[in-house]
Structures are given as structure tokens and as C-alpha cells.
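Each value in this text was obtained by applying a stated rule to the coordinates, not by laboratory testing. Predicted, not measured: the structure shown is a model, and the values here were computed from it. Virtual Cβ from ideal backbone geometry, glycine too; neighbours counted across all protein chains shown.
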Amino acid sequence: MREEYKVSRSFEKLLKARFPILYNGLGVVWRDGGIGHLEVGVGWYGLLYELGLRIEPELEMMPKKERGSLVQIKEKFARLTFYFVRNKNEKIDNAISEIVKISLETCEWCGKKGKLSDLGWMKTLCDECHEKRIEEQKRGGSWIAD
Ligand SMILES: [Zn+2]
């Protein structure tokens, strides 16, 4: 397992403990044997915590059927991407689209203000981390296509 993902697993545990309804589906084995995890850089962890603070109280008041189930969180096209099974509702949708918008301006690696870093694979990074990424790419490092 890559180093970043080890960090993700421990933060995933923290999220599940603090926001047991919203993040309950992470790390759970699916019917087809697949498994979804939190797989984003530490720079976005604060956004996920923020999302929990916003949504968890709403979810608590909702009937179970309407809550939907969040099963995976990834970076896709430089933004936070949430995968749900079953339905999700408008309140969750709104809170998520706000957080996704912020992720497009937040460095995924360090959490500073970021912008699009397009080296064939798009990410949202600050200038410093973008430079690091270029260096990594020159050295053929593992951070190129994550
Ligand atoms: Zn950065």
C-alpha cells in the first residue's frame, strides 16, 4: 500500500468514528467483493471534516432510507468526488457541491490555496506542490498519476 493511502486509512477511521452516519460506508466490502475507501491527499481532509460537521446533524434527523450511502471518496479531474449507492437527497447534494467547489481551489497535498496542475493527469495543487510534482515526474516518482 502506498504511504498516502496508509494515512488515508487512519483518517478514514477518524471520520467514521466522528461522523458515523455519513462515513459509515467507507471501507465496507460491497456485494460484488469490491471495497471503497477514502483515497485523497491530506490537503483535503479538512474539507471532509467540514462536510461531516455540516451534514451529519441533517442525516441524524432523516429516515434511514433517505440517507443514501457514501461508499468511496476519490480525486477525479482535480476535484473531490463522492460515490453513493442508493439515493442521496438535495440537502446532501448541496453541501457536497459546495465542498467540491472548494476542493477545486484547495491544494490536495497540503491544503493551501491551489489551482489546476495539469501534467497529463489533472490535480489541484498550490504552486509549491506543483513544482514538487514536476520534480517527482522527472524522477519517475509515484505521484504522477495518482
Ligand atoms: Zn500544496
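Annotations for the structure displayed:
- Pairs from Lys16/Lys115; Lys16/Lys132; Lys91/Lys123; Lys6/Lys91; Lys13/Lys76 whose Cα-Cα separation, in the structure shown, is over 25 Å: Lys16/Lys115; Lys16/Lys132; Lys91/Lys123; Lys6/Lys91
- Candidates Arg86, Arg18, Arg67: whichever shows maximal mean-square fluctuation once the chain is modelled as a Gaussian network with Cα springs under 10 Å: Arg86
- Spin-label model distance (nm) - Leu104 vs Val85, 7 Å beyond Cα toward Cβ: 3.0 nm
- Loop-resident chymotrypsin sites (Phe, Trp or Tyr not before Pro) (DSSP state other than H, G, I, E or B) in the range 39-108 with no more than 13 further Cβ atoms inside 10 Å of their Cβ: Phe77.
- Comparing Gly41, Asn24, Val7 along the charge dipole axis of the range 3-104, the residue lying farthest to the positive side is Asn24, per the Cβ-charge model.
- Relative contact order, percent, the range 44-146 [alpha-carbon distance under 8 Å, six or more residues apart]: 21 percent
- Taking only the C-alpha atoms of the chain, Rg followed by Dmax gives 15.7, 52 Å.
- Taking the empirical scaling 2.2 N^0.38 Å for compact globular proteins as reference, the range 107-146 has a Cα radius of gyration ratio of 1.02.
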